[in-house]
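Notes follow once the structure below has been shown.
The values are calculated or read from the model by the stated rules, or taken from the named source; none is laboratory data. Note that the structure is a prediction, hence the values are computed from the model and not measured. Cβ sites come from the backbone with ideal geometry, for glycine too, and all protein chains shown count toward neighbours. What goes into the accessible areas is simple: the full protein's heavy atoms, side chains included, and nothing from ligands, DNA or RNA. Shrake-Rupley method; radii C 1.70, N 1.55, O 1.52, S 1.80 Å.
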Amino acid sequence: MDIVPTLTTRWHLDLCFDGTAYHGWQRQPNARSVQQTVEEALSTMLRHDVAVTGAGRTDTGVHARQMPIHFDTPCALEVSQLVYKLNRLLPHDIAATFASPVDNEWHARFSATSRTYHYYVHLGKQPFLRHQSLQLHRPLNMEAMNAAAATLLTVSDFGAFCKSGSDVNNTLCHVSEAQWLAIDGQQWYFRITANRFLRNMVRAVVGTLVDVGRGKTTLQQFTDIVNGRQRTQAGDSMPAHALFLEHVGYDNMTPHTQTSIP
C-alpha cells in the first residue's frame, strides 16, 4: 500500500539493536551513536536529511529489543518495503522490525506511557553470555532481593538512584513492576517497568539489590537508602552490557514485536 502525503507523513518505526559498538542512543559530537547510524541510513534511502526521535536515551553499551522512533518525510513510502529496504542499509547490529504511518501528533517519547528494562545475570563462566549478561561468582539470595524490589512499588521519589549531576526537574517515577525472574538454574533477570526512568536509574537499582542478595545490605537498610534519596548511599552502578530496553508501551496501540522481514 502506498502512502501519498499532501505535505509530510509521520512514521513510527520499531528498532532493536546490540549497543556494544555504540556510545548510546543519542547522537554524540565525537562518538558513534545508534541515532546517528539510523538517521544516515534513512537519509540515504529517502534522499533527504532525516531526523529521528527515539522513545528514550540508552547509555553506552546498553541494548534494546524495542526502541520505537518517529520521523517525518514528504516521500511516498510503501509500508511493506520500508523495513526491508532500511535493513539493507543498516549495519548488522541494528534492525528495523516494524513500520507504520501514524498521526502527526504521535511522539515516540512523549506519547509513551511505560518503559520496561531487563538486566541479565548468570552464575559462573559462560562465554556465550559474556556480552549480554553479568557473570556472578557466587549465588545471590533472590528471595531477599525480591523482597527489597517490592518496596520500589511503594515509593515515588527515586533520587537515590539518579546519577549525580543529572539535569532533571524532579526524581519522581511510578514503578509498576520490579522483580527478579529465573530463566533457569544459572540465569536470572531483573524486570522493571515505570512511566519514566532517571539517568542510570536501572543499573543503580540493580547494584543496590545485588548488595542485598550478597548479604551486604539488609531489607531495612535498602528501605532507608530509598527513603534517604541520596545517590552516595546506594550501591554501585552495574555494567551496561547486561541491560536491555525491553519494551515501550503506548495507550491505544498494539504492542509490536518481530516483523517478518522479506
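Quick rundown of the values:
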| read-out | value |
| --- | --- |
| Antiparallel bridge percentage (DSSP; both residues within the chain; nearest 5) | 90 |
| Cα gyration tensor shape of region 162-229, rounded if a/c is under 1.5, else prolate or oblate by comparing a/b with b/c | oblate |
| Rounded FRET efficiency, nearest 0.05, which uses the C-beta distance separating K216 from R57 and R0 of 41 Å | 0.85 |
| Trypsin sites (Lys or Arg not before Pro) lying in DSSP loop within region 7-55, provided at most 15 other Cβ fall within 10 Å | R32, R47 |
| Kirkwood hydrodynamic radius of the chain, from inverse mean 1/r over distinct Cα pairs, in Å | 19.6 |
| Positive-end extreme of charge dipole, the chain - chosen from A55, S114, T171 (charges on Cβ) | T171 |
| Mean accessible surface per residue for region 32-118, computed with a 1.4 Å probe while every protein chain stays in place, in Å² | 44 |
| The chain: most fluctuating residue of S237, S164, S33 per GNM, C-alpha cutoff 10 Å | S164 |
| Prolate/oblate/rounded call for region 31-182, Cα gyration tensor, a/c under 1.5 rounded | prolate |
| Gyration tensor (alpha-carbon) shape descriptor, region 75-150, a/c threshold 1.5 | oblate |
| Extreme residue, positive dipole direction of the chain, given options H70, H247, A31 (C-beta unit charges) | A31 |
| Helix axis angle, 79-89 relative to the chain longest principal axis, alpha carbon, degrees | 70 |
| Approximate shape of region 122-262 as ellipsoid semi-axes (Cα gyration tensor, √5λ), whole Å, largest first | 24, 22, 14 |
| Area accessible to solvent at R109, 1.4 Å probe radius, in Å² | 110 |
| Mean separation of Cα contacts under 8 Å (6+ apart) over length of region 73-137, as relative contact order % | 20 |
| Computed FRET value (nearest 0.05) for C75 with L172, which takes r as the C-beta separation and R₀ as 45 Å | 0.65 |
| Cα centre as origin, Lys/Arg/Asp/Glu Cβ charges: region 1-123 dipole, Debye | 240 |
| Total charge dipole magnitude, the chain, about the Cα centre, Cβ charges on Lys, Arg, Asp, Glu only, Debye to nearest 20 | 740 |
| Inter-part distance where region 109-128 and region 149-164 are each reduced to a Cα centre, Å | 18 |
